[in-house]
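Beneath this line is the structure, given in structure tokens, with notes to follow.
The values are calculated or read from the model by the stated rules, or taken from the named source; none is laboratory data. Bear in mind that the values here come from a model prediction, so they are computed numbers and not experimental data. A quick note on method: Cβ atoms are made from the backbone with ideal geometry, for glycine too, and the neighbour counts reach across all protein chains shown. These accessible areas exclude ligands, DNA and RNA; they are computed on the full protein's heavy atoms, side chains included. Shrake-Rupley method; radii C 1.70, N 1.55, O 1.52, S 1.80 Å.
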Amino acid sequence: MLHVCRDEWPIVKAAVPPAAAVAVNPLLGLDVRGALWPALAVAVAGQVGWSVAAARHAGASPRLIAATASVNLLLGPLIITFKIVLTH
């Protein structure tokens, strides 16, 4: 059981920055719905950052690192588009 928790710990760590963005938003006067957008932006930024880090760690060329970042950066607006279309 502990082995599984250790293997899945990165999922918990990935949720911390968006959760922190949501936690800070009441201090900025945003309601729950307004807090979702900054959290989504932080999650997309994390997605791009982790993809670049993984590509660099794997020894990818600068061109492949840039391609990886671009693909993940394009996935962010796609996720946001799905959120808008599916919730409105």
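Answer yes if at least one residue in the range 1-13 is assigned to a helix (DSSP H, G or I) and surrounded by 12 or more Cβ atoms within 10 Å (Cβ to Cβ), and no otherwise. No; the residues of the range 1-13 include none that is assigned to a helix (DSSP H, G or I) and surrounded by 12 or more Cβ atoms within 10 Å (Cβ to Cβ).
Within the range 43-80, the set of residues being open to solvent by 60 Å² or more (accessible area, probe 1.4 Å) and of a type in the set (V, I, T) comprises V71, I79. Just checking, does the range 23-35 include any residue being open to solvent by less than 60 Å² (accessible area, probe 1.4 Å), part of a helix (DSSP H, G or I), at pLDDT 85 or above and not hydroxyl-bearing (S, T, Y)? No: zero hits.
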